[in-house]
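Novice: Here it is: the structure, laid out below.
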Amino acid sequence: MELRTTYTSVPVATLASGAEVRIPIHEVRGQAGDGPTLGLTACLHGDEQVSTEILYRFLLGLDPAALKGRLLVVPVVNPLAFEAVTRHTPLDMQNLNRVMPGGGEGFFTHQLAEALVGHVLNKLDYYVDFHAGGVYPTVDYVYISNAEALSRAFGSPILFRPPGGYGYGGSTASYTVGKGVPTVTVELGGGTVDQTAYVRRGVAGILNIMRTIGMLAGDPVPPPPQTVLRTLLTLRPRAGGWLVPEVTALNARLAKGTVLGRTLSPYSFEELEVLRAPFDPSLTVLVRLQPCRINPGDFGYMIGDLATAEAA
Ligand SMILES: [Zn+2]
């Protein structure tokens with residue numbers, strides 16, 4: 001199958017090596033009529049590469065003849081982080097999803113943010129941003145910010161309603177929410193497991209959002225029963241080493257104190273830290289499926305508090 005998109009890329013900066021950094025943009029103009037512009041972005045964090053595959057498979061299957069409106073799709077927002085498979089930009093160690101709308105202190109990452117805002121984010125009527133767990137963790141939830149119906153339409157079983165309405169300041173989502181653009185942030189997949197099912201769900205979620213906003217014909221598929229978390233805690237280890245998980249299931253309900261995993265020294269095999277479920281009951285949202293390296297401050301696990309959740 002062939003891509004039926006118009007591909008361009010916009011310049012950001014030239015590196016000392018002479019290599020040029022550009023932001024890739026696939027544009028699709030619908031042939032079924034006028035409609036809104038939907039933006040889809042992936043790999044703002046370079047270690048979340050399943051997000052790129054979701055957009056690739058989505059574009060492969062898309063027929064512009066059936067589309068109303070326009071798509072702007074950025075499969076890799078941060079090419080330097082993609083190359084290095086790192087969350088942050090290796091050049092300046094900045095987090096691209098905390099420095100929007102860019103400018104600012106003028107680090108390279110701020111320049112990249114500024115280009116994304118000008119060439120993509122400012123042109124959108126709707127926005128969906130894809131994240132994943134990274135190299136080791138696997139994750140599964142969707143933020144509810146300013147477009148609850150669209151967040152639900154993506155179809156994930158767990159949603160998170162963050163206190164500020166959009167999660168992190170300086171994120172692309174905080175920028176588009178600030179402009180009143182209906183915005184969905186997806187956290188899906190990643191880690192050391194087969195990503196096929198996550199890719200399939202990601203594509204289905206985009207299509208269902210597009211049906212919901214009228215860019216594709218047909219009735220949206222009703223979402224499954226959904227738990228909306230109000231409290232979502234990231235367990236950040238104090239001890240680095242080798243994390244051996246004991247709980248590997250996502251969307252699992254656990255009693256407070258359940259051992260999630262144990263951090264051992266990979267050298268002496270001494271137990272350095274035990275990570276436990278913090279809430280009664282707890283819900284697993286980000287887990288690790290295989291023994292893996294872990295550092296202090298990493299995303300160890302993410303656990304929702306079911307006692308304060310909105311009923312499924
Ligand atoms: Zn991310």
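The values are calculated or read from the model by the stated rules, or taken from the named source; none is laboratory data. Since the model is a prediction, treat every value here as computed from it, not as a measurement. FYI the Cβ positions are ideal-geometry reconstructions off the backbone, even for glycines, and counts take in every protein chain you see. These accessible areas exclude ligands, DNA and RNA; they are computed on the full protein's heavy atoms, side chains included. Shrake-Rupley method; radii C 1.70, N 1.55, O 1.52, S 1.80 Å.
Novice: At 1.4 Å probe size, with every protein chain present, just tell me what the per residue accessible area of the stretch 80-191 comes to in Å².
Specialist: Roughly 34 Å² per residue, with all protein chains present.
Novice: Moving on to the next point. What longest region of the chain stays clear of chymotrypsin sites (Phe, Trp or Tyr not before Pro) that DSSP places outside H, G, I, E and B and that have at most 14 other Cβ atoms within 10 Å?
Specialist: 1-266
Novice: By the scheme Lys and Arg +1, Asp and Glu -1, what is the net charge of all other residues having a beta-carbon under 14 Å from that of N78?
Specialist: With Lys, Arg at +1 and Asp, Glu at -1, the neighbours total -3.
Novice: I'd like the per residue volume of the convex hull spanned by the Cα atoms of the chain, given in cubic angstrom.
Specialist: Per-residue hull volume (Cα only) is 134 Å³.
Novice: Using a cut-off of 15 Å between beta-carbons, work out the net charge of the residues near P24 (Lys and Arg +1, Asp and Glu -1, P24 not included).
Specialist: Net local charge, P24 excluded: -3.
Novice: Near K123, which lysines are there with a Cα under 18 Å away, not counting those fewer than 8 places off in the same chain?
Specialist: Of all the lysines, those that pass the test against K123 - Cα under 18 Å, at least 8 places apart if same chain - are K68, K179.
Novice: So, counting K/R as plus one and D/E as minus one, what does the shell of residues with Cβ under 11 Å around V285 add up to?
Specialist: Here the charged neighbours net out to -3.
Novice: Using only Cα atoms, figure out Rg for the stretch 105-248 and give it as a multiple of 2.2 N^0.38 Å.
Specialist: 1.14
Novice: Here is a further query. Where both residues lie in the chain, what percent of DSSP beta bridges are antiparallel, nearest 5?
Specialist: Once the DSSP bridges in the chain are tallied, antiparallel ones form about 70 percent.
Novice: Of all accessible surface on the stretch 18-134 at a 1.4 Å probe, what whole percent is carbon and sulfur?
Specialist: Percent of accessible area from carbon and sulfur atoms in the stretch 18-134: 48.
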